[in-house]
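The values are calculated or read from the model by the stated rules, or taken from the named source; none is laboratory data. Only a predicted model underlies this, so the values are computations on that prediction, with no experimental measurement involved. Just the protein is used for accessible areas: all its heavy atoms, side chains included, with ligands, DNA and RNA removed. Shrake-Rupley method; radii C 1.70, N 1.55, O 1.52, S 1.80 Å.
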Amino acid sequence: RADAQGQRCVACQAMDEGRVRRVIRSVPDAAGVSHRWEASFSPIANDRGEVTHVVEVWRDISERSALEAQLAHGERLASVGLLAAGVGHEINNPLASVLAAAESLERLLRRGVFTVETCSEALDLSQTLQREVLRCRETTAKLMLLAQPVSSAATWVDLNRAVRDTVSLLQFPMRRQGVTFEDGCAPDLPPIWARESALRGVCMNLMLNAVQAMPEGGALRVSTFADSGRVHLVVEDTGPGIEAQHMERIWDPFFTTKSPGKGTGLGLSVTHGIVSRHRGTIRASNCEAGGARFEVELPIEGPAET
């Protein structure tokens, strides 16, 4: 009971398990244009509780998927905008070292005296230039991964690396606000099948929210672990937590309790959509000691389409 690609028939899974199954597939039309379809497979049972039929419902979600992808991309770019000052600071520091090393190297060359000592000094300056340029390149590379185009394909993603790259981009606001980072990432975490830019967007949305919730300082703790074929991402802060009347509304588009200029109100809504498309779940709660806690659970294998 498998299809042409060797995947198990979803209708058969729904029949065997007795529960609704949903999948997303890309199917070309008569003109060869690919459309994204969401299919639901609902089992129908007889009087004895035996599943005898499965009802399939297919919906063309191409337009909705394109809009959701654009929204997610826009939210990631908004995050980059909020981080602009910090990223500029992270790049300006190594650039200052590059300028100082280049000026020193120029002075050595103008002297025209190449002793063992001056050659050794020139080598040190050259190594400084290389090291600081690499620092700049690493920062811009992390930004580029966060702001990848919406069409980027799914691949095997290192979630721990995405977490640590996000922390690196958040260093400036964290230092300014006195927020410390506690790394609880499991060292043996397996990679997961996902769209990397989308997953990095999830990390950025949750971790930036946590940092913004602690303007007077606190601790950001991020944990990852694997369990029963699924990977968990837990983001906790020591801020004021989520008020009870807001708990159900935080996933609504444009809902925010932040002051103007601090967010779009789309971060959690976009995050919820990304996690759902990757066949995962996200839960919000308050920590017993205070602060908010978000837990994302994603399948390691991921869906055929995301």
Residue-normalised accessible area of the range 174-235, expressed per residue, 1.4 Å probe, Å²
39
When the chain is fully extended, how far beyond the present Cα-Cα distance does H35 get from A289, taking 0.36 nm per residue of separation?
86.7 nm
